[in-house]
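**Q** Dropping a structure here in structure tokens format, bear with me for questions.
Read the figures in this text as sums done on the coordinates, not as results from a lab. Note that this is a predicted model, so its numbers are computed, not measured. Cβ atoms come from the backbone with ideal geometry, glycine included; neighbour counts cover every protein chain shown.
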Amino acid sequence: MRALITGITGQDGGHLAELLHSKGYQVFGLIRGQNNARRQQFETEFPYVELIEGDVTDPSSLVQAVEQAQPDELYNLAAISHVGYSFKNPSLTADVTGKGVLNVLEAVRMAHMGDRIKVYQASTSEMFGGLDYNRPGRGYNEQSLFHPRSPYGAAKLYGHWMARNYRESYGMYVTCGILFNHEGERRGAEFVTRKITKAVAHIKAGLQDHLELGDLWPKRDWGYAGDYVRGMWQMMQHPEPDDFVLASGETRSVQQFLESAFEHVGIDDWRPFVRQNPALLRPAQVDILLGDPAKAEDQLGWSREIDFTGLVQRMVDHDLKLAAVAVAAR
Ligand code: NAP
Ligand code: F7E
């Protein structure tokens, strides 16, 4: 089996490459830029991935990538994925996160491989927006209403509908995973969980004295990225293309994540170490996200191995090791 992953240098790209390689796939990854700063580190960690240069905003590069990789499965993970950044760069976000999906689908169709390549589209719980919380206690599922609250969410919703359109119009195998927040030791430090675990480890090691955050009250449904990429693969083995929610079915506030992380290093009172920075507030907030993964559990047999506490501890422990290396190098 051959797989092409866009967004290979991101969090999920790394986990998915590892998973597919362990299953015997030949893995190809699309990498952008003439001198991508992540390339060298990626090649060291994933020597078995064949990198192909391309950009989801450049249709011809995608056609070439598809022709070169000849994939059985194409996982479209590429995106501008930071919600806060999308408010500052809405047009770029529309081009990459929205129209980029169309470019990928068209590349498959134009290469006349629409009948043999299965496509996975990385859709998101941000499409729900956290306002039409219409299944209290149960969470959003595949039938819930969409109400995106950011340029990122709106761009993802465009990509989601284009993916569904290509499934319905051309009979292509295009599956959408509507994934709730998933985190881990590969998470970028611009996202709140990793920002917290890194800061907690640095504070514990004496490398940093405080942490600046935005809103602490929003709630998210957090899981571990390794569990979620396994779900992506399971979706692609399903006989029919479809939409599936992956979530933990639990929701916790940013403050609860913060408390758990500090608690894990033996600091009971986090307040002296945390300051609010108004620059980190967003023009609109997604108040609460809670997902219902019943369909994926029933139809795919998907389940999580790592719970919330395990996730926080894993991330903090990883960052404590990195902090110890930084201290030793001083
Ligand atoms: P991530 O760490 O931010 O990775 C994004 C990837 O997209 C990076 O490899 C980045 O490459 C690449 N990219 C950005 N612009 C590109 C362009 N113009 N052309 C080609 N590649 C480009 O995201 P992630 O957490 O792994 O998430 C993977 C996907 O799932 C994303 O589509 C995200 O929106 C979606 N998603 C994530 C979550 C979550 O909680 N993690 C939940 C739901 C959905 P560079 O290294 O060159 O920047
Ligand atoms: O924010 C609040 C912030 O940026 C979580 C992406 O993977 O998941 C992710 O989107 C919450 C928000 O993730 C800071 O306002 C407070 O309420 O970690 P985040 P996100 O916005 O939920 C979805 C499912 C995706 O699809 C996205 O691609 O935390 N928050 N203070 C902060 N957030 C950040 N980043 N930084 C802060 O300092």
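**Q** Which GluC sites (Glu not before Pro) in region 243-330 pass both tests, a DSSP loop state and at most 12 other beta-carbon atoms within 10 Å?
**A** Values: sites: Glu250, Glu259, Glu263, Glu297, Glu305; in loops: Glu250, Glu305.
When the GluC sites (Glu not before Pro) of region 243-330 are filtered for loop state and at most 12 Cβ neighbours within 10 Å, Glu305 remain.
**Q** Hey, with R₀ at 25 Å, roughly what FRET efficiency would Leu145 and Asn89 work out to, going by the Cβ-Cβ distance, to 0.05? Each step should come with its number before you reach the end.
**A** Numbers: r = 27 Å, r/R0 = 1.07.
The formula returns an efficiency of 0.40 here.
**Q** So, one more: In nanometres, what is the gap between the two model label sites at Glu250 and Gln68, each 7 Å from Cα along Cα-to-Cβ?
**A** With each label point 7 Å from Cα toward Cβ, the separation is 4.3 nm.
**Q** Another question, then. HN-Hα J couplings of region 310-317 from phi, Karplus 6.51/-1.76/1.60, θ = phi - 60°, integer Hz, Gly and Pro as x?
**A** My calculation for region 310-317 gives x, 5, 4, 5, 4, 5, 5, 4 Hz in order.
**Q** What list of ³J(HN,Hα) values in whole Hz, one per residue of region 249-265 in order, does the Karplus curve 6.51 cos²θ - 1.76 cosθ + 1.60 (θ = phi - 60°) give from phi, with Gly and Pro shown as x?
**A** My calculation for region 249-265 gives x, 10, 10, 9, 7, 4, 4, 5, 5, 4, 4, 5, 5, 5, 4, 5, 9 Hz in order.
**Q** For the pair Trp217/Asn36, report the inter-label distance in nm, with labels modelled 7 Å from Cα in the Cβ direction.
**A** It is 4.0 nm.
**Q** Leu211's amide H: which non-local residues (gap 5+, or another chain) put their own amide H closer than 5 Å, with H modeled 1.01 Å from N in plane and none for Pro or chain starts?
**A** Amide H neighbours of Leu211, under 5 Å, 5+ apart: Val274, Arg275.
**Q** Assuming R0 = 22 Å, what is the FRET efficiency of Tyr170 and Glu240, from their Cβ-Cβ distance, to the nearest 0.05?
**A** Numbers: r = 15 Å, r/R0 = 0.68.
About 0.90, to the nearest 0.05.
**Q** Let me ask something additional. Between Gly223 and residues 5 or more places away or on another chain, which pairs have amide H atoms under 5 Å apart, with H built 1.01 Å from N, and which residues are they?
**A** His182, Glu183
**Q** Helix-derived [θ] at 222 nm for the chain: sum -39500 (n - 2.57) over DSSP H runs of at least 4, divide by residue count, nearest 500?
**A** Details: 12 runs with 136 residues, N = 330.
When only DSSP H runs of four or more count, the value is -12500 deg cm²/dmol.
**Q** Only sites in a loop by DSSP and with at most 12 other Cβ atoms within 10 Å count here; which GluC sites (Glu not before Pro) in region 155-208 make the cut?
**A** On the way: sites: Glu168, Glu183, Glu185, Glu190; in loops: Glu185, Glu190.
Hits after loop and neighbour filter: Glu190.
**Q** Do any of Lys219/Lys321; Lys118/Lys321; Lys88/Lys198 go past 31 Å between their Cα atoms, and which?
**A** Numbers: Lys219/Lys321 28 Å; Lys118/Lys321 39 Å; Lys88/Lys198 25 Å.
Listed pairs above 31 Å: Lys118/Lys321.
**Q** Per residue of region 177-185, in order, report the coupling 6.51 cos²θ - 1.76 cosθ + 1.60 (Karplus, θ = phi - 60°) as ³J(HN,Hα) in whole Hz, putting x for Gly and Pro.
**A** Values per residue, Gly and Pro as x: x, 8, 9, 7, 3, 9, 10, x, 6 Hz.
**Q** Amide H neighbours of Gly54 under 5 Å, counting only residues 5+ apart in sequence or on other chains, H built in-plane at 1.01 Å?
**A** Correct list: Ile31, Arg32, Gly33.
**Q** Below 8 Å, C-alpha to C-alpha, sequence gap of six or more: please give me the relative contact order for the chain in percent.
**A** On the way: 643 pairs, mean separation 58.6, N = 330.
With pairs under 8 Å counted, the relative contact order is 18 percent.
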